[in-house]
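Notes to accompany the following structure.
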Amino acid sequence: QLQASGGGLVQAGGSLRLSCAASELTFSDFDMGWFRQAPGKEREFVTVVTWRRGTRYADSVKGRFTITRDNAKNTVFLQMNSLKPEDTAVYYCAARQGYSSAIYSRVLHYPYWGQGTLVTVSS
């Protein structure tokens, strides 16, 4: 189970920190990703931290968002700075069993999903 939290309403230029708490899986063995879906758009990749702590970011969030994980707390975090109105979306955390050093960024690669948390950035 994945439980995302931390969404809310923020002005452009502001910051938010999302959390995703995992249960019923061996967290340290899993790649943890964040995806987002804006109204009327497809779900898109935001960032991932692998079980080996490798990271990848979508070009649209590089330099503004940071993903971290705390294996002792079974939690992954997404620090979002310099938020823009185009960051408005429902943010989902996702998990996949980690097997190698490869980094996966497609929705279909992740079998486990949280319920989503809404981030609204006002201009």
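The values are calculated or read from the model by the stated rules, or taken from the named source; none is laboratory data. Note that the structure is a prediction, hence the values are computed from the model and not measured. Note that we place each Cβ from the backbone using ideal geometry, even for glycine, and neighbour counts take in every protein chain shown. Note: areas computed on protein heavy atoms with side chains; ligands, DNA, RNA excluded. Shrake-Rupley method; radii C 1.70, N 1.55, O 1.52, S 1.80 Å.
Brief remarks follow.
- Simple rule: put +1 on each Lys or Arg Cβ and -1 on each Asp or Glu Cβ in the stretch 30-123, find the dipole, and look at 30, 118, 40; the Cα lying farthest toward the positive end is 30.
- Calculated from backbone phi, Karplus (6.51, -1.76, 1.60) coupling profile of the stretch 68-77 in Hz, x at Gly/Pro: 9, 9, 10, 5, 5, 9, 6, 9, 10, 10
- Under a 5 Å amide H cut-off, with hydrogens placed 1.01 Å from N, residue 65 pairs with 81 among residues at least 5 apart or on other chains.
- Taking every protein chain into account, the 1.4 Å probe leaves residue 68 with about 60 Å² of accessible area, to the nearest ten.
- For the stretch 103-120, 3J(HN,Hα) per residue [Karplus equation, 6.51 cos²θ - 1.76 cosθ + 1.60, θ = phi - 60°, Hz, x = Gly/Pro]: 10, 10, 10, 9, 3, 5, 7, 10, x, 10, 9, x, 7, x, 9, 7, 10, 10
- Under the criterion of Cα pairs below 8 Å and six or more residues apart, the relative contact order for the stretch 2-67 equals 20 percent.
- Residue order by solvent-accessible surface for 34, 113 is 113, 34, largest first, with ligands and nucleic acids left out and a 1.4 Å probe.
- When the alpha carbon gyration tensor of the stretch 26-109 is reduced to an equivalent ellipsoid, its three semi-axes come out at 22, 14, 11 angstrom, largest first.
- Residues of type lysines that residue 73 reaches as a straight line, Cα spacing below 20 Å, ignoring anything fewer than 8 places off in the same chain: none
- Between the amide H of residue 46 and those of 34, 35, 36, distances stay under 5 Å, these residues lying 5 or more places away or on another chain, with hydrogens modeled in the peptide plane.
- Of all the options 18, 83, 108, the one that moves most in a Gaussian network model of the chain with Cα springs shorter than 10 angstrom is 108.
- Sequentially through the stretch 40-50, phi angles give Karplus couplings (6.51, -1.76, 1.60; θ = phi - 60°) of x, 10, 6, 5, 10, 5, 10, 6, 8, 10, 7 Hz, Gly and Pro residues having no value and appearing as x.
- Across the stretch 34-87, C-alpha contacts under 8 Å between residues 6 or more apart give a mean separation that, scaled by the residue count, equals a relative contact order of 22 percent.
- Net charge over other residues, Cβ less than 14 angstrom from the Cβ of residue 98 (K, R count +1; D, E count -1): +3
- Within straight-line cross-link reach of residue 62, aspartates and glutamates at Cα separation under 13 Å, skipping those fewer than 8 residues along the same chain: 87
- Relative contact order (%) - criterion: Cα under 8 Å, at least six apart; region: the chain: 37 percent
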